[in-house]
Amino acid sequence: MTAATQDFIVNRADLAQTKWVSGPAPAEVALDEGQVLAEIEKFAFTANNITYAVAGDMLNYWSFFPAEAGWGRIPVWGYATVVRSRSNEIVEGERLYGYFPMSSHLVMQPEKVTPGSFLDLYKQRRELHPVYNTYTRLKTDKAAPPALDDLRPILNPLYTTSFLIDDWLADNNFFGAKQALLLSASSKTGFGLAFGLSQRRPQGPEVVGLTSAGNLAFVESLGCYDRALTYDKIAMLDASKPALVVDFAGNGEVLAAAHNHFGDKLVESTQVGLSHWDAPRVSGALPGAKPHLFFAPDQARKRMEDWGQKGFDAKLGESWRAFAAKAQTWVKLERGKGPDAISQVYSETLAGKIDPAAGNILSLR
């Protein structure tokens, strides 16, 4: 165990301002009956984690792992090992996969324990969504072979969102659209959705990826977009064919260009991410469908009711495995270790300087 617990925290009013804070040694962290202390071994960091921070107040992401007043711990997906346990069901040495803070350790309260998973119902997280509070016990997990161990936290949580958007669009018959425009097509959630939509050919809409000039070659190389264009080429698209937009960028100027080009033929406008988090937002009313936010847990809850938990897990797992087989050739794993490496990747991701093909796996030790 490390000499002291450590947390990477960000200023909620100025995301560029960060610091590391130290806590007690792991052996001195207080545990109540039934609780465990997990040491976080490694986690992924992508533009999606920046979205967690930007939307932290609006979507309650800051509530999962509270920090000192005015500051927050950004959630990440990764792996941890139980190093102390006062639980009768979770033993020391057990490895976990799930939703963690950018920290060295986390106190957890496992409840509703099954052979394959448990819910962490620690006091601050008890009322939050189970999509984030469910942890996989890896000794019984069959979802990912060892070769995909590092790819899983980079893409799997994002792909779950991609899967749910794809499912939601199909469930609504794509709102009558004949072309689906994905803004920030190089984003990992974006090309996850493109993969899902591409599996629906020829019945589904044409999949059009919009991206920056610097990322155009990468988007074209993926093979899951029917067309790839730079943002300034929106006017080249056929405005007589009904279109839907799924916006992973959050750039108001680009979104407005799509709405203004298609007008009433823009039948659905879904906002998902904020990869262009510092770009101007939409101001004023736009022609066509009113933009609205897609909240993945709502669709997950609906499908769990429709299919049952086992049915949902089976459908998602089958889709994920097909996607991962393709994506492992698209993503270039990059590993960083220590506080300085974590701080650097955070700053570069915040500034939009990360190669879209890069998949960052970070660890403190």
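Observations on the model:
- Selection within the range 42-53 - in contact with a Gly (Cβ under 8 Å, 6 or more places away or on another chain), open to solvent by 10 Å² or more (accessible area, probe 1.4 Å) and not small (Gly, Ala, Ser): 42, 46, 48, 51
- Scope the range 62-102; condition free of Cβ contacts under 8 Å to residues at least 60 places away in the same chain, open to solvent by 30 Å² or more (accessible area, probe 1.4 Å) and within 21 Å of the chain's Cα centre (by Cα); matching residues: 66
- Failed item, numbered, when residue 273 is tested on (1) in contact with a helix residue (DSSP H, G or I) (Cβ under 8 Å, 6 or more places away or on another chain); (2) at pLDDT 95 or above; (3) closer than 21 Å to residue 158 by Cα: (2)
- Given (1) at pLDDT below 95; (2) crowded, with 22+ Cβ neighbours inside 10 Å, index of the condition residue 142 fails: (2)
- Identity of the residue in the range 283-325, under 29 Å from residue 260 (Cα atoms) and free of Cβ contacts under 8 Å to residues at least 12 places away in the same chain, that ends up most open to solvent (accessible area, probe 1.4 Å): 285
- Test: residue in the range 322-334 that is farther than 30 Å from residue 18 by Cα, of a type in the set (D, E, K, R), assigned to a helix (DSSP H, G or I) and modelled with pLDDT of 90 or more: yes
- Conditions (1) in contact with a Lys or Arg (Cβ under 9 Å, 6 or more places away or on another chain); (2) within 29 Å of residue 327 (Cβ to Cβ): number failed by residue 186: (1)
So that you can scan it fast, the table gives a plain yes or no per residue for (1) modelled with pLDDT under 95; (2) crowded, with 22+ Cβ neighbours inside 10 Å; (3) assigned to a strand (DSSP E or B):
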site: 189; (1), (2), (3): yes, yes, no
site: 195; (1), (2), (3): no, yes, no
site: 204; (1), (2), (3): yes, no, no
site: 225; (1), (2), (3): no, yes, no
site: 249; (1), (2), (3): yes, yes, no
site: 281; (1), (2), (3): yes, no, no
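- When the residues of the range 336-348 are filtered to those that are within 21 Å of the chain's Cα centre (by Cα), open to solvent by 60 Å² or more (accessible area, probe 1.4 Å) and free of Cβ contacts under 8 Å to residues at least 60 places away in the same chain, the one that is farthest from residue 41 (Cα to Cα) is 348.
- Screening the candidates 361, 354 for the property of being part of a loop (DSSP other than H, G, I, E, B), closer than 22 Å to residue 49 by Cα and in contact (Cβ under 8 Å) with a residue 24 or more places away in the chain yields one hit, 354.
- Scanning the range 28-41 for residues that are buried (at least 16 other Cβ atoms within 10 Å of the Cβ) and touching a strand residue (DSSP E or B) at 6+ places or on another chain (Cβ under 7 Å) yields 29, 35, 36, 37, 38, 39, 40, 41.
- When 19, 42 are screened for being at pLDDT 95 or above, in a strand (DSSP E or B) and over 18 Å from residue 100 (Cβ atoms), only 19 passes.
The values are calculated or read from the model by the stated rules, or taken from the named source; none is laboratory data. Only a predicted model underlies this, so the values are computations on that prediction, with no experimental measurement involved. Neighbour counts run over all protein chains shown; Cβ positions are idealised from the backbone, glycine included. Accessible surface areas use protein heavy atoms only, side chains included; no ligands, DNA or RNA. Shrake-Rupley method; radii C 1.70, N 1.55, O 1.52, S 1.80 Å.
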